[in-house]
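Heads up: the structure comes next, in structure tokens.
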Amino acid sequence: MNLKPTIGMETHVELDTESKMFCSCKVVETDEPNISLCPTCLGLPGALPVPNKKAIEYIVMLSLGANCSITKEGMFHRKNYFYPDLPKNYQISQFDFPVGVEGSLEIVIEDSLHTVAIERVHMEEDTGKSIHLGSGRIDSATSTLLDFNRSGVPLVEVVTKPIISSAKMAVAYIEELRQLVIDLGISKGKLEKGNLRFDANISVAEEGSDELGVKVEIKNMNSLKSLEKAIDYEILRQTKMVQDKESIIQETRHWDENKQVTLSMRTKEGSADYRYFSDPDLPNMVINDEFIEISQNQIKETPEKKRKTLLDTGLSLSDSNYLDKGQRWLYELYLSTVKETGDCKSTFNFLTGELQGQMRKAEISELPQWLNSEKLASLINLFENNEVSFTSAKDILAKLLIEDIDPKSFASDNNLIQSSDNDEIKALVTSIINENQDIVERLENPEDKLVGYLVGQVMKSSKSKVNPGSVKEVLLKELFG
Ligand SMILES: [Zn+2]
């Protein structure tokens, strides 16, 4: 029996607003616990919530960025459950009228484009944080501390349809979503800080069958590595169970990074367990056309748009996606440099390979302000036109990273310019042929390895001051006509 996996992703995005979702407490990034609290985010009796307008603007931007339709008359619901870090005993969320519905995100896997259908984008608030002392896990902690700084921070949940078919695809989707919230400027998008946290719903079913298998939810991951490993592990675990005719239980599991397995947490709640009802403290949410337009006008950039701009310069899809997901300065530097070189591939290779590599090595995180696209383009042109060797280009770049030099004058001042003077090359070639008659007699065809040896000899006799491409050309003409 051939089994196919189906995955749906639920992602929580922490919005980068000044204040919390339903009170005016500041959103803080600190380890000092319980410094940004009020009766509302502590869930004290009688405290009333007031929605954060900026957060609503952000969720509309995200919904539009994910190509969703906007629900113009929505509302907030209470999702009831007990947990020590949820002081109200309910979380304000949205149930049947989410802000965004029926959207899609374009994702890139290697060199092909795929589409992930988005089911809904809804607004909610974050919980506080439980810190389990001793083991870090609730089941074996010696005691638990509560920090309510995060309680009430605006969260957006983005839910896909169950149509993702591999761990790789899930990772590409999260990368795209993360870039979207960064490009929209609505979240810092830092995975290590938990700005994006994701759950994966995974099931396996017989290939060709219309029905999905029993789904298992893996909760609360915030690294792409864990996501990929957890999904791969879970697909294998479920596949083996089905093949062994064991039944899969609908449950929530977590990824254990140390043991590299998923472990059962609890049997899965259905939405009925949360006893959703509309929040009587909050009015219905009306999002009118004017508000949508204001939000739309805030959208300056999306990863999809950036990718198109990059593709238009001639880059391949995977190279475009690489720059799209990278740091902003590199994206901009590429665009301005390629305008001057007109050569997308060598510009991409030089910036992402040599430049980034040397910056990493020298531990430079920011380009010196003199190292602009004009200088880089002039350097790229020097070796692309065979005026300097690639080795010299690397040396010039190293110099450029510490000193404001002009690549071309530096190359000529330091005797790095290679000669393409045919007469000079011809003289060198002739003398090498004369000196190596034994080898010349053994040559069978232009592809012979010994041709490379002779080119090397010419380069050596010129002290690398001639261009190897031109040397080979002249040599082959002399030898084979
Ligand atoms: Zn508060």
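The values are calculated or read from the model by the stated rules, or taken from the named source; none is laboratory data. Just so it is clear, the structure is predicted and the values come from calculations on it, not from any experiment. In this analysis, Cβ positions are derived from the backbone assuming ideal geometry, glycine residues included, and neighbour counts consider all displayed protein chains. Calculation scope for accessible area: heavy atoms of the full protein, side chains included, ligands and nucleic acids excluded. Shrake-Rupley method; radii C 1.70, N 1.55, O 1.52, S 1.80 Å.
Tell me, what is the FRET efficiency for Q327 and N258 to the nearest 0.05, using R0 = 30 angstrom and their Cβ-Cβ distance as r? The value I calculate is 0.40. The gain in end-to-end length when the N386 to S165 segment is fully stretched comes to 74.9 nm, 0.36 nm per residue minus the alpha carbon separation. Compared with the alpha-carbon gap, the fully stretched path from I294 to E340 is longer by 12.9 nm at 0.36 nm per residue. Note: relative contact order over the chain, using C-alpha pairs below 8 Å and six or more positions apart, is 14 percent.
Give the separation of the Cα centroids, region 398-440 to region 286-346, in Å. Using only Cα atoms to place each centre, the spacing works out to 39 Å. Here K240 is the anchor, and the lysines within straight C-alpha reach of less than 30 Å, apart from those fewer than 8 places off in the same chain, are K4, K161, K168, K215, K219, K225, K229, K259, K268.
About its Cα centre, the dipole of the chain is roughly 980 debye, where the only charges are +1 on Lys and Arg Cβ and -1 on Asp and Glu Cβ.
Remark: region 422-480 carries a charge dipole of roughly 300 debye about the Cα centre, counting +1 on each Lys and Arg Cβ and -1 on each Asp and Glu Cβ. Computed over region 327-413, relative contact order equals 30 percent, with contacts defined as Cα pairs under 8 Å that lie 6+ residues apart. Remark: region 436-447, residue by residue, has Karplus-estimated 3J(HN,Hα) of 10, 4, 4, 6, 4, 5, 7, 5, 9, 8, x, 8 Hz, where x stands for each Gly or Pro and the curve is 6.51 cos²θ - 1.76 cosθ + 1.60 at θ = phi - 60°. For I109, nonlocal amide neighbours, meaning residues 5 or more places apart or on other chains whose placed amide H falls under 5 Å from its own, are H114. When the solvent-accessible area of region 3-295 is split by element, carbon and sulfur atoms take up 51 percent of it, the probe being 1.4 Å.
Computed over region 422-480, relative contact order equals 47 percent, with contacts defined as Cα pairs under 8 Å that lie 6+ residues apart. On region 422-480, 48 percent of the accessible area sits on carbon and sulfur atoms, based on a 1.4 Å probe. Taking amide H atoms as placed 1.01 Å from N in the peptide plane, the amide H of D281 has no partner under 5 Å among residues 5 or more positions away or on other chains. Each label was represented as a point 7 Å from its Cα along the Cα-to-Cβ direction; for L212 and K188 these points are 3.3 nm apart.
Would you kindly work out the equivalent ellipsoid of the chain from its C-alpha gyration tensor and give its semi-axes, the square roots of five times the eigenvalues, largest first in whole Å?
Equivalent ellipsoid of the chain: 58, 28, 21 Å, largest first.
Expressed as a whole percent, the accessible surface of region 327-413 that belongs to carbon and sulfur atoms is 46, based on a 1.4 Å probe.
Our coupling estimate for region 94-110, obtained by passing each phi through the Karplus curve with A = 6.51, B = -1.76, C = 1.60 and θ = phi - 60°, is 10, 10, 8, 10, x, 5, x, 9, 6, x, 7, 10, 7, 10, 10, 10, 6 Hz, Gly and Pro reported as x.
Taking θ as phi - 60° and the Karplus parameters 6.51, -1.76 and 1.60, the scalar couplings of region 10-18 work out to 10, 10, 9, 10, 7, 7, 9, 9, 5 Hz in sequence order, x denoting glycine and proline. A 1.4 Å probe run over the chain, with the rest of the protein chains in place, finds 50 Å² accessible per residue.
Applying a threshold of 23 Å to the alpha-carbon distances of K361/K394; K188/K325; K26/K129; K54/K325; K339/K472 flags K54/K325; K339/K472 as lying beyond it.
So how much slack lies between L401 and K477, counting 0.36 nm per residue of separation and subtracting their Cα-Cα distance, in nm?
Separation in residues times 0.36 nm, less the Cα-Cα distance, equals 23.3 nm.
Projected label points at E441 and L44, each 7 Å from Cα along the beta carbon direction, are separated by 10.3 nanometres. Along the axis of the charge dipole computed for region 422-480 (Cβ charges of +1 for Lys and Arg, -1 for Asp and Glu, origin at the Cα centre), the listed residues S431, L475, S462 are led at the positive end by S462.
Considering helices alone, the calculated mean residue ellipticity of the chain at 222 nm is -11500 deg cm²/dmol, with DSSP H runs of length four and up weighted by -39500 (n - 2.57) and normalised per residue. Amide H contacts for T262 (H built 1.01 Å from N in the peptide plane; partners 5 or more residues away or on another chain; cut-off under 5 Å): D256. Considering only V242, H132, I405, the residue lying farthest towards the positive end of the dipole of the chain is H132, judged by Cα position with unit charges set on Cβ.
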